[in-house]
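Input: a single structure, listed below in structure tokens.
The values are calculated or read from the model by the stated rules, or taken from the named source; none is laboratory data. Quantities reported herein were computed from a predicted structural model and do not represent experimental measurements. Glycine gets a Cβ as well: all are built from the backbone with ideal geometry, and neighbour counts include every protein chain shown.
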Amino acid sequence: MVEEIKKVIKGEILEKSPQRIIIKVKNDSFSSTLNALKGLSFKRLTLFTAVDFVKDNQFELVALVYSNENKILAIVKTRIPKENPEIETITNIYPNAFKYEVELGEMFGIKVIGNPDSMKPFLLEGWEDLPPLRKDFDSIKYATEHYEARNVEVKYD
Amino acid sequence: MIKEYELNIGPNHPGIHGNFSVHLKLEGDTIVEAKGNSGYLHRAFEKLMEQRTYLQNLALIPRICVPEPDINEAVYSMAIEELMGVEIPERAKFIRTIVLEAARVNALLFHFGGTAAMLGNYTVNYWAVADRDLMLDIFLKLSGARVYHMYIWPGGVRRDTYPGFEDDVLGFVKYMKDRLIEYDNLFFKNPMFMHRAKGLAKITKETALQMGVTGPNLKATGVKVDVRKDEPYAAYPYLDFDIPVLDDGDAWAREIQRRLELELSLNLIEQAVKKMPKGDVWKKMPNPFKWVIPEGEAYARVESSRGEYGFYFVSDGTDKPYRVSVRGVSMPHMYPLAEELLVGQKLSDAPFILETLDICPPEIDR
């Protein structure tokens, strides 16, 4: 399977175990890679998410696609810069990516071109701070600024 | 002329375990549009996990999925073991299998109770909750807790089984096998259930595959996909079993599929108890309060009662996870599957259809 993938995809391909393949590509070939993988029987999008690498000032997009026939999971990764993060939608390839993309917009502030809902609140209505899953968002600071501490007296007999 | 109007079901939704609402547009009592509205249950698990040490997280993660908490502990431990390169003892593998299958039985019983209640058959609901309690008693003796066990942990399980555990579990299996006949007569063979469920909200194989559907919802359309067989974990390689599948893909098939899986789980528990070897239950690791996990990433997955459940796990070599992304099974089942399935159905069937998809809102609001 790895040989077949190497024929169609340009990028760093690593066979981590017989059932895990890690594919690192450039961000402009992300959707074409997924398209090619779908043709190679990777028909199910299992998860589409992002990781905030704050030291490198980059987001890593991670799409997990699975092949029912070959029982292999491919982890497709790409890095995008953190300033004005934008990606193109993959809903034309995997329809269930729609809400994952909305989540990327809401939780990381990544704009998804082609997804009309991507910057609308999905889980958190009226959120005005930094997108909460970014590493530079400090949830403890946010909580102390927005909520009063409860004075609870604890008595031990 | 019939006017279109809007109706909100929820957030205390009758057909879902948790707070979740569905916005419906109706013409008469026919649904013309359905939109899910999540967020009522959001507790920011993924963010919280980044701020807690590996041991502290063990107390947090079972809360992600309430009806079946043990799968969270299992995927969390499996991801850490993969990163550390740890192989767990044989006995621990069997104990994990028993716990995971028992949790599946519990979740399915809970599910049947809900489904039957959606059709007005409340007896099944009371029976199922009472039967589930018998297993909770065993969990209490095994782990010290009824619902959130925190029993599976990195390196194996937290402690060995108590004396008499095997007999208790086998007793429960025998009781449930007898009880299944009564469930069949009251619910699964009930003409009321058959008439309501046959042909209702049918999913085709193609739609299911395209939308990322897994678990019983997919198996009920005739696709044999199950993590227990495809990528065996715990003690599944040592057990002898076959995955049941059905072809119809309608509400009836989804329920019968789950009923067959319940029977399979009982058989698996029986096999695992009988084959369980003696020995250690935990691969000794250095001080759990100071666990540091090597840098890297892993994706661990298990077959939950609803489908493929997994954690995408990134570690930066410190004492806290760098990022954990939860692969909630219900995400594709609600968006877009349920939204499309509800269109054209009657309002009175909506809670029942949502229930047959077994949507667990905490997996969406994670």
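Residues that are more than 9 Å from chain B (Cβ to nearest Cβ) and over 22 Å from A:K10 (Cβ atoms) were ranked within the range A:57-85; the one that is surrounded by the most Cβ atoms within 10 Å (Cβ to Cβ) is A:P85. Entry remark, the range B:312-351: residues being crowded, with 22+ Cβ neighbours inside 10 Å, more than 9 Å from chain A (Cβ to nearest Cβ), touching a Phe, Trp or Tyr at 6+ places or on another chain (Cβ under 9 Å) and more than 25 Å from B:L264 (Cα to Cα) number 4 in total.
Which of the helices (runs of 4 or more DSSP H) found entirely inside the range B:154-222 contain at least 3 residues meeting this: in contact with a helix residue (DSSP H, G or I) (Cβ under 6 Å, 6 or more places away or on another chain) and either more than 30 Å from B:Q56 (Cβ to Cβ) or not charged (D, E, K, R) (or both)?
Details: elements: B:165-183, B:191-197, B:205-210, B:216-219.
Counting at least 3 such residues, we get B:165-183, B:216-219.
Step by step: first the residues of the range B:209-246, then only those that are hydrophobic (A, V, I, L, M, F, W, C), within 15 Å of B:L100 (Cα to Cα) and more than 16 Å from the chain's Cα centre (by Cα), then the one that is surrounded by the fewest Cβ atoms within 10 Å (Cβ to Cβ). Which residue is that? It would help to see each step written out before you state the result.
Step one: filter the range B:209-246 for residues hydrophobic (A, V, I, L, M, F, W, C), giving B:209, B:211, B:213, B:218, B:220, B:223, B:225, B:227, B:234-235, B:239, B:241, B:243, B:245-246.
Now narrow it down to the ones that are within 15 Å of B:L100 (Cα to Cα): B:227, B:234-235, B:239.
From the residues that got through so far, the ones that are more than 16 Å from the chain's Cα centre (by Cα) too are B:234-235, B:239.
Values: B:A234: 24, B:A235: 24, B:L239: 19.
Going through the qualifying residues, I end up with B:L239.
Count of the range A:111-128 residues, restricted to those that are within 14 Å of another protein chain (Cβ to nearest Cβ) and either loosely packed, with under 14 Cβ neighbours inside 10 Å or of a type outside the set (D, E) (or both), is 11.
Filtering the range B:289-298 for residues that are within 14 Å of chain A (Cβ to nearest Cβ), at pLDDT below 95, in contact with a strand residue (DSSP E or B) (Cβ under 7 Å, 6 or more places away or on another chain) and under 30 Å from B:F241 (Cβ atoms) leaves a non-empty set.
Starting from residues that are under 20 Å from A:I9 (Cβ atoms) and at the interface with chain B (Cβ under 9 Å from one of its Cβ atoms), keep the ones in the range A:38-56 and report whichever is nearest to the chain's Cα centre (by Cα). Of everything passing the filter in the range A:38-56, A:L47 is nearest to the chain's Cα centre (by Cα).
Can you confirm whether B:L354 is closer than 28 Å to B:A253 by Cα, within 18 Å of the chain's Cα centre (by Cα), more than 14 Å from every other protein chain (Cβ to nearest Cβ) and of a type outside the set (S, T, N, Q)? Let's see the steps before the verdict.
On the way: closer than 28 Å to B:A253 by Cα: yes; within 18 Å of the chain's Cα centre (by Cα): yes; more than 14 Å from every other protein chain (Cβ to nearest Cβ): yes; of a type outside the set (S, T, N, Q): yes.
Here the answer is yes, as B:L354 does meet what is asked.
Of the residues making up the range B:1-36, those that are assigned to a loop (DSSP other than H, G, I, E, B) and within 14 Å of chain A (Cβ to nearest Cβ) number 3.
Within the range A:44-61, does at least one residue satisfy the condition of being of a type in the set (K, R) and in contact with a Leu (Cβ under 8 Å, 6 or more places away or on another chain)? Checking the range A:44-61: at least one residue is of a type in the set (K, R) and in contact with a Leu (Cβ under 8 Å, 6 or more places away or on another chain). On the stretch given as the range B:37-86, residues that are away from chain A (no Cβ under 13 Å), β-branched (V, I, T), crowded, with 22+ Cβ neighbours inside 10 Å and more than 21 Å from B:P286 (Cβ to Cβ) total 3.
Which of the following residues is surrounded by fewer than 22 Cβ atoms within 10 Å (Cβ to Cβ) and either touching a residue at least 12 places away in the same chain (Cβ under 8 Å) or of a type outside the set (K, R) (or both): B:K174, B:K189, B:K275?
On the way: B:K174 fails: either touching a residue at least 12 places away in the same chain (Cβ under 8 Å) or of a type outside the set (K, R) (or both); B:K189 fails: either touching a residue at least 12 places away in the same chain (Cβ under 8 Å) or of a type outside the set (K, R) (or both).
One residue alone meets the criteria, B:K275.
Sub-6 Å Cβ pairs linking a first residue in the range B:203-222 that is at the interface with another protein chain (Cβ under 8 Å from one of its Cβ atoms) to a second residue that is among the charged types (D, E, K, R) and part of a loop (DSSP other than H, G, I, E, B), at least 6 apart or interchain, are B:L209/A:K43, ordered by first then second residue. Considering the conditions (1) within 27 Å of B:R43 (Cα to Cα); (2) surrounded by fewer than 19 Cβ atoms within 10 Å (Cβ to Cβ); (3) more than 11 Å from chain B (Cβ to nearest Cβ); (4) without any contact (Cβ under 8 Å) to a residue 60 or more places away in the chain, A:T89 is excluded by exactly one of them, (1).
Of B:L209, B:L200, B:L266, all but one fail to be of a type outside the set (F, W, Y) and at pLDDT 95 or above; the exception is B:L266. Filtered by the rule that a residue be modelled with pLDDT of 90 or more and either in contact with a strand residue (DSSP E or B) (Cβ under 6 Å, 6 or more places away or on another chain) or facing chain B (nearest Cβ under 9 Å) (or both), the range A:20-32 gives A:R20, A:I21, A:I22, A:I23, A:K24, A:V25, A:F30, A:S31.
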